[in-house]
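Structure first, then comments.
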There are 4 protein chains.
Amino acid sequence: MLHTGRHFLQIPGPTNVPDRVLRAMDAPVIDHRSAEFAELGKEVLEGIRGVFKTAGAVVMYPASGTGAWEAALVNTLSPGDRVVLFETGHFSSLWRGVAEKFGIQVDYVPGNWRRGANAAELESRLAADRNHTIKAVLVVHNETSTGVTSRIPEVRRGIDAAHHPALLLVDTISSLASIDYRHDEWGVDVTIAGSQKGLMLPPGMSFNAISEKALRATESARLPRSYWDWQEMLKPNRSGFFPYTPPTNLLYGLREALKMMREEGLENIFRRHDRHAEATRAAVRAWGLGIVCEEPREYSSSLTAVFTPQGHDAD
Amino acid sequence: MLHTGRHFLQIPGPTNVPDRVLRAMDAPVIDHRSAEFAELGKEVLEGIRGVFKTAGAVVMYPASGTGAWEAALVNTLSPGDRVVLFETGHFSSLWRGVAEKFGIQVDYVPGNWRRGANAAELESRLAADRNHTIKAVLVVHNETSTGVTSRIPEVRRGIDAAHHPALLLVDTISSLASIDYRHDEWGVDVTIAGSQKGLMLPPGMSFNAISEKALRATESARLPRSYWDWQEMLKPNRSGFFPYTPPTNLLYGLREALKMMREEGLENIFRRHDRHAEATRAAVRAWGLGIVCEEPREYSSSLTAVFTPQGHDAD
Amino acid sequence: MLHTGRHFLQIPGPTNVPDRVLRAMDAPVIDHRSAEFAELGKEVLEGIRGVFKTAGAVVMYPASGTGAWEAALVNTLSPGDRVVLFETGHFSSLWRGVAEKFGIQVDYVPGNWRRGANAAELESRLAADRNHTIKAVLVVHNETSTGVTSRIPEVRRGIDAAHHPALLLVDTISSLASIDYRHDEWGVDVTIAGSQKGLMLPPGMSFNAISEKALRATESARLPRSYWDWQEMLKPNRSGFFPYTPPTNLLYGLREALKMMREEGLENIFRRHDRHAEATRAAVRAWGLGIVCEEPREYSSSLTAVFTPQGHDAD
Amino acid sequence: MLHTGRHFLQIPGPTNVPDRVLRAMDAPVIDHRSAEFAELGKEVLEGIRGVFKTAGAVVMYPASGTGAWEAALVNTLSPGDRVVLFETGHFSSLWRGVAEKFGIQVDYVPGNWRRGANAAELESRLAADRNHTIKAVLVVHNETSTGVTSRIPEVRRGIDAAHHPALLLVDTISSLASIDYRHDEWGVDVTIAGSQKGLMLPPGMSFNAISEKALRATESARLPRSYWDWQEMLKPNRSGFFPYTPPTNLLYGLREALKMMREEGLENIFRRHDRHAEATRAAVRAWGLGIVCEEPREYSSSLTAVFTPQGHDAD
């Protein structure tokens, strides 16, 4: 394949990795048991919390985002547990598949792929669950397949209004560090994220931000786990280390990406995405095409899905 | 930390990554659903088979080596299954921990950490297991903590002599591409490997080479699995793709590393390691220190463990 | 300065350096007196001749393009020598300045900056110079300030028609490897080029392609020279070496750039530039703006200069 | 050529370029007429003065060190001018060759290649030159071919004691940023340096630090010059720009190298070299070999030349 120019990724993700990040990763691997590594580990483990807006723990896996979905489940649930998952698009459907492979019973709330999670529907389902058999609510924050962003604060209010103890698990793979997101303030229990979108890294690392409540849930969660085990991660993390060989070069990249985010400011990054997304929608409208997302309050600022005219496909 | 020179890793692993590999990884991420990616995928999936010396399938995970241990187990075993694992050192003990977390019953054959797996002992254990309750034999090929290399062909002969159907699972994390290894010829069912040693890559990718017999075992294996599921991997792999976002830049690095291995020749690489290991042992002897490995036929060519004199530690 | 995206150079040069070239340069310096270096030296010295389309010698200087202008003069001329130079734009004027600093008498043929060198005018000037006091004809092939490409074959025919022995010196800094150019076939004596445009390298290296006739001219040329001395260069070049420390990393980059040019094919590269230039002119016309170059046969394929409307500047 | 490990340069120069510097250079070229470039230009032009320890101007050429020798001469001298140059080794002899090509009359003070410049001899030669026909004194500070470092402060005192107005030109190609050097304090008029040794950059850039007196000398210096013309350089340099396309990527590298030097501290860098040099000499003595430099006060801290035993060569 002959490239006479620069390769631009024009897909929903991974996104274009800045040269600064690629160059930071292009460095010799250091000893992952050394004092120098501990500094790196502590810096990125601390820095990433600011991106999730959490004072709690964030664990990092050498894994694709799919792994972080699995991690969120196996650390908090037991075989046969019941969860509510909103059909928001292709990725909600994939996550459902993961859950079912682990013997979790999924109440899959149907959706038309043009709206986000329905908080009112959630509230009534939870209110009806008097015995609290529902252990968790699963939401994809930003559906990569539809360009619809669910309103997590309303989801939280739905749970609270029903006075239900279910955990709230949110997938932010295509939103974190691109769209406003607040793990602590919004009362999320587990936030799932990946390296290859807003964090500006190549694929290969994924994340779980964990609330105190989620952490306590590990005590009774009986799904088998080893690689994804939060407790095994959190112990060495305290001193900047990892229980198994970490992806050192991705951590170099993460350090640089965190630096870039501090330089620009998270809020400015969000506004930049908002502005570009509005520009994109303006163009789509000018072309006379339809936007998939039918609720303006749920427009995604990181991607816009468009209906192609009859007789055409995306290519 | 002030580095006035080049950082050299003098640890058992990860090893120093060649500049050619780092530079190959330092490139824009491409679309993992594109024709160009398929070429890359097919090239590395095909090339890696030559390193394992297998005509069968090799799957690649965005994961640390620990993940590939887990993958080997969850794809082939069921809760409560019994396995034999040889105590060869620290890493055999960690692998045992992974197995037990999944409810696998481990017959841990004691060892003195100065010898490899005992094939005669294995044969008698398997011969005694008339009901074939033992489902797998687990061996660490090259114990990173001791510098002892188990003789896998003898282990194979031990299983065959007992006419036992147990699967043979071998960890080659610190031996593959450094020390002679032959997945097919030696009748191994699952070979576990990582990116960060003989394959000359940064950490972040790990491997399972899979025999036909191991693949059939997935049909009855009831341990839950999603991220590690071979069947999910093998389907898209056939056309060069992956079921979830692959670690594209590590694949760039793997392509370059495979090219370097072809240029030098695997057999020459093995001889180079043999030569350097013998030089290391000569130095250790000249210093009057003891070598941990007590069986010359089991000397590791990728690392040499040494007894430190009374009153000194490794630093 | 905050870069939230990729930096694109939208200036007449240097041009965007391909990642492959940057990465090739990002490598340890090797011993410039070693056998390995000799291979590199021979490869690039041989390869670059194909780009100039010459069977003769090409010398490379660690220097900006300005240095190669100076080199062309000091190797072939003596103080007080007379040359003809066509006013084609800003760069012809700068070259004139260099010549005059060395005491060369420049017949500067006036031009309107919208046309290339006038071959008929040249022929009549040379025909009038019966005593052959004019020692060289200097032409800028592609004027970076105007987007006009002089027709060198016609300039050559002008000299031949006048039966004049003057050397022909051509600056191809913004045309080589972008626009059709043939050092030997067009009878050019010295071609001047730089690294930072069609050769796709960072600035820092420049070139002289030298005809046999130009080489003979060094014997009588009395301008003082040391750094630029062709004879000093050509001796070690024969075995792949350089008289002083060469810019090794730029040579790595040149090796890669030559490889890329072979992969695409010089003629395809020219056609690609022709196509993009025609597209640019179509856009300029559609915007209702004027193109500086007034002779379609002299349109530059590497850059297009445009008249800005009254009350606007280029920014 | 098959490299199975890292390439280490074990030659007098270029030296090993730190990864940080290589990576900093591995970046897109920016517009050399932009505000962003001006910041870069000002930063490196300012920073480099600290390395030379001068409050005056330093000019940078896209050129090998040989070019900076030529620049020092053509900016300060006229054809037929007389200079004193000390025979200290191979490089003093090469510099002599450059000077003679420009018609400069060189009084080459013989030396045995085991001692530095003789200040007493200089004083008597200058004292004898009552008509001040000697225009400059040329000294190689650190002779790369011998490992002898001339004592520049004593050379300065020799000139002062003779009350002679000759300029002092010093080549620090293999000493700057490795060995203590003070352009202003030692009263040097032109200091010549290259990028590829103590400055930790690849070859391709060279320097002249210029005293006020040297700058005034340009007014009467009649050697022709264009590329090397200080006055042409200094004008745009004031605002961070260059008169012709600068070697942008080398400037990126220089910015990083200056940062590294600030982090370690120039004085610590000198002490590190002193320490390594003494360690080298201790090894040479232990091997029973002879050190070329016969005056301990003139031992070079950046390289040590050793006599090979009868029947052996350096390889």
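The values are calculated or read from the model by the stated rules, or taken from the named source; none is laboratory data. Not measured: the values here are computed from a predicted model. Ideal geometry is used to build each Cβ from the backbone, glycine not excepted, and the neighbour counts take in all protein chains shown. These area figures cover heavy atoms from the full protein model, side chains too; ligands, DNA and RNA do not enter into them. Shrake-Rupley method; radii C 1.70, N 1.55, O 1.52, S 1.80 Å.
Quick check on this structure: which one of A:Arg156, A:Arg130 is basic (Lys, Arg) and under 19 Å from the mean Cα position of the chain (by Cα)?
A:Arg156
Residues checked against (1) in contact with a Cys (Cβ under 8 Å, 6 or more places away or on another chain); (2) crowded, with 24+ Cβ neighbours inside 10 Å:
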residue	(1), (2)
B:Leu122	no, yes
B:Asp129	no, no
B:Thr133	no, no
B:Glu143	no, yes
B:Thr146	yes, yes
B:Arg157	no, no
B:His164	no, no
B:Leu167	no, no
B:Ser175	no, yes
Seminar exercise, completed: Going through (1) more than 8 Å from chain C (Cβ to nearest Cβ); (2) open to solvent by less than 10 Å² (accessible area, probe 1.4 Å) one by one, D:Gly5 fails only at (2)
Exercise. Looking at this structure, is C:Phe52 open to solvent by less than 10 Å² (accessible area, probe 1.4 Å) and at negative phi?
Worked result: yes
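Check region B:111-119 and report whether any residue there is within 30 Å of B:Arg272 (Cα to Cα) and crowded, with 24+ Cβ neighbours inside 10 Å. Reasoning before the result, please.
Filtering region B:111-119 for residues within 30 Å of B:Arg272 (Cα to Cα) gives B:111-119.
With the extra rule that they be crowded, with 24+ Cβ neighbours inside 10 Å, the set shrinks to B:116-117.
Among the residues of region B:111-119, at least one is within 30 Å of B:Arg272 (Cα to Cα) and crowded, with 24+ Cβ neighbours inside 10 Å, which makes the answer yes.
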Problem set entry | Conditions (1) among the charged types (D, E, K, R); (2) free of Cβ contacts under 8 Å to residues at least 24 places away in the same chain; (3) in contact with a Pro (Cβ under 6 Å, 6 or more places away or on another chain); number of the one not met by C:Glu87 | (2)
Exercise. Any idea which of (1) at the interface with chain A (Cβ under 9 Å from one of its Cβ atoms); (2) outside any loop (DSSP other than H, G, I, E, B) is the one B:Ala72 doesn't satisfy?
Worked result: (1)
For this session: Being within 14 Å of another protein chain (Cβ to nearest Cβ) and part of a helix (DSSP H, G or I) is the filter; apply it to region D:50-69 and report the residue that is nearest to D:Met260 (Cα to Cα).
Result: D:Gly65
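Just to verify a result, which residue in region D:275-297, among those that are in a loop (DSSP other than H, G, I, E, B) and not aliphatic (A, V, I, L, M), is most open to solvent (accessible area, probe 1.4 Å)? Lay out the reasoning, then the answer.
Of region D:275-297, the ones in a loop (DSSP other than H, G, I, E, B) are D:287-289, D:292-295.
So of that shortlist, the ones also not aliphatic (A, V, I, L, M) come out as D:287-288, D:293-295.
Working: D:Trp287: 179, D:Gly288: 65, D:Cys293: 7, D:Glu294: 83, D:Glu295: 27 Å².
Applying the filter and picking the extreme gives D:Trp287.
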Problem set entry | Residue tally, condition among the hydrophobic types (A, V, I, L, M, F, W, C) and open to solvent by 30 Å² or more (accessible area, probe 1.4 Å), over region B:20-38 | 1
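Specify the residue that is farthest from the chain's Cα centre (by Cα); the eligible residues are those in region D:298-310 that are part of a loop (DSSP other than H, G, I, E, B) and without any contact (Cβ under 8 Å) to a residue 24 or more places away in the chain.
Taking region D:298-310 and keeping what is part of a loop (DSSP other than H, G, I, E, B), we get D:300-305, D:308-310.
Filter once more, so that each one left must be without any contact (Cβ under 8 Å) to a residue 24 or more places away in the chain: D:308-310.
On the way: D:Thr308: 28, D:Pro309: 31, D:Gln310: 33 Å.
The selected residue is D:Gln310.
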Exercise. Does B:Leu289 count as of a type in the set (A, V, I, L, M) and either over 18 Å from the mean Cα position of the chain (by Cα) or more than 10 Å from every other protein chain (Cβ to nearest Cβ) (or both)?
Worked result: yes
Exercise. Does A:Gly47 count as more than 10 Å from chain B (Cβ to nearest Cβ) and closer than 30 Å to C:Met200 by Cβ?
Worked result: no
Exercise. Tally time: how many residues in region A:84-110 are crowded, with 20+ Cβ neighbours inside 10 Å and more than 14 Å from chain B (Cβ to nearest Cβ)?
Worked result: 6
For this session: Restricting attention to region A:143-188, report how many residues are over 30 Å from A:Val17 (Cβ atoms), touching a Leu at 6+ places or on another chain (Cβ under 6 Å) and of a type outside the set (A, V, I, L, M, F, W, C).
Result: 2
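So for region A:210-229 (the condition being within 19 Å of C:Arg6 (Cα to Cα) and small (Gly, Ala, Ser)), does at least one residue qualify? Before you say what the answer is, go through the steps one by one.
Of all residues in region A:210-229, those within 19 Å of C:Arg6 (Cα to Cα) come to none.
No: zero hits.
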Exercise. Which pairs have Cβ atoms under 6 Å, sit 6 or more apart or on different chains, and link a residue in region D:199-227 that is more than 14 Å from chain C (Cβ to nearest Cβ) to one that is hydrophobic (A, V, I, L, M, F, W, C) and open to solvent by 20 Å² or more (accessible area, probe 1.4 Å)?
Worked result: D:Ile210/D:Ala57
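Residues checked against (1) touching a strand residue (DSSP E or B) at 6+ places or on another chain (Cβ under 6 Å); (2) without any contact (Cβ under 8 Å) to a residue 12 or more places away in the chain; (3) of a type outside the set (A, V, I, L, M):
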{"position": "A:Ser92", "(1), (2), (3)": "yes, no, yes"}
{"position": "A:Val98", "(1), (2), (3)": "no, no, no"}
{"position": "A:Tyr108", "(1), (2), (3)": "yes, no, yes"}
{"position": "A:Val140", "(1), (2), (3)": "yes, no, no"}
{"position": "A:Gly147", "(1), (2), (3)": "no, no, yes"}
{"position": "A:Pro153", "(1), (2), (3)": "no, no, yes"}
{"position": "A:Arg157", "(1), (2), (3)": "no, no, yes"}
{"position": "A:Ala161", "(1), (2), (3)": "no, no, no"}
{"position": "A:Ser175", "(1), (2), (3)": "yes, no, yes"}
Exercise. Just wondering, is there one or more residues in region A:249-269 that are within 10 Å of another protein chain (Cβ to nearest Cβ), open to solvent by 10 Å² or more (accessible area, probe 1.4 Å) and not in a helix (DSSP H, G or I)?
Worked result: yes
Problem set entry | For C:Ser239: the one exception among (1) within 14 Å of chain D (Cβ to nearest Cβ); (2) open to solvent by 20 Å² or more (accessible area, probe 1.4 Å) | (1)
For this session: Could you please find all residues in region D:18-44 being under 17 Å from D:Gly204 (Cα atoms) and not in a loop (DSSP other than H, G, I, E, B)?
Result: D:Val21, D:Leu22, D:Arg23, D:Ala24, D:Met25, D:Gly41, D:Val44
Exercise. What are the residue pairs meeting all of these: first residue in region D:268-289, first residue on the phi > 0 side of the Ramachandran plot, second residue hydroxyl-bearing (Ser, Thr, Tyr), Cβ atoms under 6 Å, and 6 or more apart or on different chains?
Worked result: none
Exercise. In this structure, does C:Thr15 turn out to be part of a loop (DSSP other than H, G, I, E, B) and more than 14 Å from every other protein chain (Cβ to nearest Cβ)?
Worked result: no
Seminar exercise, completed: The condition of being within 12 Å of chain B (Cβ to nearest Cβ), of a type outside the set (Val, Ile, Thr), in contact with a Leu (Cβ under 9 Å, 6 or more places away or on another chain) and without any contact (Cβ under 8 Å) to a residue 60 or more places away in the chain holds, among A:Asp31, A:Asp81, only for A:Asp31
For this session: Within region A:55-112, work out how many residues are among the polar types (S, T, N, Q) and out of contact with any Asp or Glu (no Cβ under 9 Å at 6 or more places or on another chain).
Result: 3
Exercise. Counting just the residues of region B:182-236 that are crowded, with 24+ Cβ neighbours inside 10 Å and small (Gly, Ala, Ser), which one comes out nearest to A:Ala68 (Cα to Cα)?
Worked result: B:Gly204
